[in-house]
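First comes the structure, then the notes that go with it.
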Amino acid sequence: MKERSAFQTRCHNYFFVFALCFSSVGLNAEELVSLYDVEYEVASQSGRDLTKASREGLKTIFVRVSGSSKVIEHPKIKAAVVNARRFMKQFQYESRRDAEDGSEQLFALMEFESELIDRELRDAGLPLWSSNRPTILLWLTVEDSNGRRFATEDSDPDIVDAMVRNAGLRGLAVKFPLFDLQDTLAVTPDEAWSLSNWRVRAAAERYRADTVLLGRVSRLSNGQLFGKWVYSIDPQRLIFDAEAKTPKDYIAASFDPVAEMLATQYAVAPIEIAENGVLLRLTGILDYVDYSRAINYLEGVSAIRHANVIDVQGNEIIVRLIADGVLSQLQRAFLLDKKLVQARKSSYSGAYKISLDYLWPGSDEK
């Protein structure tokens, strides 16, 4: 059985429109809207095949939403997978013709209940990773008997398909370079092969991605692939090797460490930051519109359960946040969202013990 997510289909289409629209659009963290959708190839429309598909699909979603492949070994999650159809919101079937051999393939397209899945993870004490995730610019160089080249849809469709597929399975917001004239002039495949060449990182700046994943892979005549990856997310750097017999397995082995690393930073465990919450000072609230937007934003942050205003003084408010995780994760969430600006130097001298000091956009205080 081959598994594909609904996200994969959209992401694969996005790859082709990417060259048309990306250079004019500055995007950073991306909101992945299909974390709870998944597709799975089935042999028939029988209840037995649907049950099997729903179980495999639910495993994928638990891993995607938590950010960890280990969650499916948890007893509570195992029990949930057995009863996977209870978590299903809706499904439908779709028949497609395989591009390679022309055979008909039947897929079950399934949408699962997000609230039930989130609750299951929380009840098990497992982390949740929101759909607002750092963008990853993926720059891969391939080497074989023909020399070195950048992996593109034309040159290495099997590798690109595997990258799109695994990005969807793990919920990674992956972007690809255009490899247009500007990229070609900026860096060559030989220069990118080092994985540390400053030209690659300079060329990547045009895409305004949050992080960069640089890789190289050698394709042997027997089909074996082996290579090395460098993933940079300030202030950390992950360097690792990968080896596999197929592009599918090679990319899976390459993407998994990246997803696990990001999850350690952004997935939030249901452990309260503080029993009575933490206090946030927010300066630059000029009117009721600012006030309303600020509170709506705070209550929309996945780690925050409640945002209660306890004091209003002039253009600032003091908000008690009841939140999950640790304080540093909440700070990273604010940084990723780019909705709030951290105060460079706190000028607060009031009676409250402030843990977080930020400016609402539009404030003149920097």
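The table below lists the values:
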| read-out | value |
| --- | --- |
| Residue tally, condition touching a Pro at 6+ places or on another chain (Cβ under 9 Å) and without any contact (Cβ under 8 Å) to a residue 40 or more places away in the chain, over region 166-209 | 2 |
| Hits in region 301-330 - residues which are surrounded by 14 or more Cβ atoms within 10 Å (Cβ to Cβ) and more than 30 Å from LEU126 (Cβ to Cβ) | VAL309, ASP311, ASN315, GLU316, ILE317, ILE318 |
| Filtered residue count, region 264-288, keeping only those that are in a loop (DSSP other than H, G, I, E, B) and out of contact with any Lys or Arg (no Cβ under 7 Å at 6 or more places or on another chain) | 11 |
| Meets criteria (closer than 30 Å to SER355 by Cβ, in contact (Cβ under 8 Å) with a residue 12 or more places away in the chain and either out of contact with any helix residue (DSSP H, G or I) (no Cβ under 6 Å at 6 or more places or on another chain) or not small (Gly, Ala, Ser) (or both)) for GLN224 | no |
| Some residue of region 116-133 being surrounded by fewer than 19 Cβ atoms within 10 Å (Cβ to Cβ), in contact (Cβ under 8 Å) with a residue 40 or more places away in the chain, touching a Ser or Thr at 6+ places or on another chain (Cβ under 9 Å) and closer than 21 Å to ASN166 by Cα | yes |
| Test result for ALA204, under 30 Å from ILE72 (Cβ atoms), modelled with pLDDT under 90, among the small types (Gly, Ala, Ser) and not in a strand (DSSP E or B) | no |
| Criterion (in the same structural domain as ALA173 (by TED's automatic domain parsing) and free of Cβ contacts under 8 Å to residues at least 40 places away in the same chain) met by exactly one of ALA244, ALA259 | ALA244 |
| Single residue of region 331-345 satisfying the filter (in contact (Cβ under 8 Å) with a residue 60 or more places away in the chain and part of a helix (DSSP H, G or I)) that is surrounded by the fewest Cβ atoms within 10 Å (Cβ to Cβ) | ASP337 |
| Sole exception among (1) surrounded by 14 or more Cβ atoms within 10 Å (Cβ to Cβ); (2) under 22 Å from the mean Cα position of the chain (by Cα); (3) not assigned by TED's automatic domain parsing to the domain that holds LEU172 for ALA252, by number | (3) |
| VAL71 vs. criteria farther than 16 Å from SER34 by Cα and in contact with a Lys or Arg (Cβ under 6 Å, 6 or more places away or on another chain) | no |
| Wholly enclosed strands (runs of 3 or more DSSP E) of region 84-193 bearing at least 1 residues at pLDDT 95 or above and over 16 Å from ILE61 (Cα atoms) | 88-97, 104-112, 135-144, 147-150 |
| Any hit, region 254-262, residues being among the hydrophobic types (A, V, I, L, M, F, W, C), in a helix (DSSP H, G or I) and within 28 Å of ARG344 (Cβ to Cβ) | yes |
| Some residue of region 187-205 being outside the structural domain of ALA252 (by TED's automatic domain parsing) and of a type in the set (Val, Ile, Thr) | no |
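To keep it simple, each residue is scored yes or no on (1) assigned by TED's automatic domain parsing to the domain that holds SER145; (2) polar (S, T, N, Q); (3) farther than 18 Å from VAL164 by Cα; (4) without any contact (Cβ under 8 Å) to a residue 60 or more places away in the chain.
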site	(1), (2), (3), (4)
THR211	yes, yes, no, no
LEU214	yes, no, no, no
SER218	yes, yes, yes, no
ILE239	yes, no, yes, yes
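The values are calculated or read from the model by the stated rules, or taken from the named source; none is laboratory data. All of these numbers come straight from a predicted model, not from anything done at the bench. In this analysis, Cβ positions are derived from the backbone assuming ideal geometry, glycine residues included, and neighbour counts consider all displayed protein chains.
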